[in-house]
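To start, the structure itself, in structure tokens.
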Amino acid sequence: MFPDMFFKTWSIWLLLAITSSSTAIAIDSRQAKESITLFVYGSDVNGAPLFYADGKAYFGHRAINETTVTQTNVTVAPADDITTPWSVAANSSTMSFNETLYMALNPTTTSQLEFTPAANMTAGFVDTGLTWFGTAVAYAADESNYGLSFAGVATNTSGVYGLYYTVGTSTVEGSFPVSVKSTVPVAP
């Protein structure tokens, strides 16, 4: 009786392990192909969605308090490798972009991330190198050099922050470290 029970228990654990592995592989490959919403986590925010405002990346649970600012929630289509840009689309029924925008950052100077067409990219910015480190967005200069140096900087609108990529010890006054993730926040 004992060996038979041991075999059944062992079989169940093996089946669970195989199922978990295949689910993780399916999630990872799906994550690289579908457009997803990115969320930002840090000391001042807990799962605020990333959004577009006049070509720059912001996050928060409200809109910027300026009527002259064009803004919308966005989805990002992550690429399969670091040599392909991540495209950005408006996640809105009332707004769309006239051209393909890409998520871009400056890997040599601390600056705010942009959503921009490749032809209009700010000097020094790159639209390649974005990748995953688990469920967190990272910048990879190459296959073995990953950076997770994102920061939030308060705007004139309470609860809305600019998303920056920081380089070395360079920071923006009042900034705080954040993590940009595909993980959807859990409601309390």
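When you scan the range 115-127, how many residues do you find that are closer than 23 Å to residue 41 by Cα and in a loop (DSSP other than H, G, I, E, B)? Total meeting the criteria: 1. Remark: residue 153 matches the filter, which requires a residue to be closer than 18 Å to residue 52 by Cβ and of a type outside the set (Gly, Ala, Ser).
FYI, it's all coordinate maths here, none of it is from the lab. Source: prediction; values computed, not measured. Because the Cβ atoms are built from the backbone with ideal geometry, glycine has one as well, and the counts that use them run over all protein chains shown.
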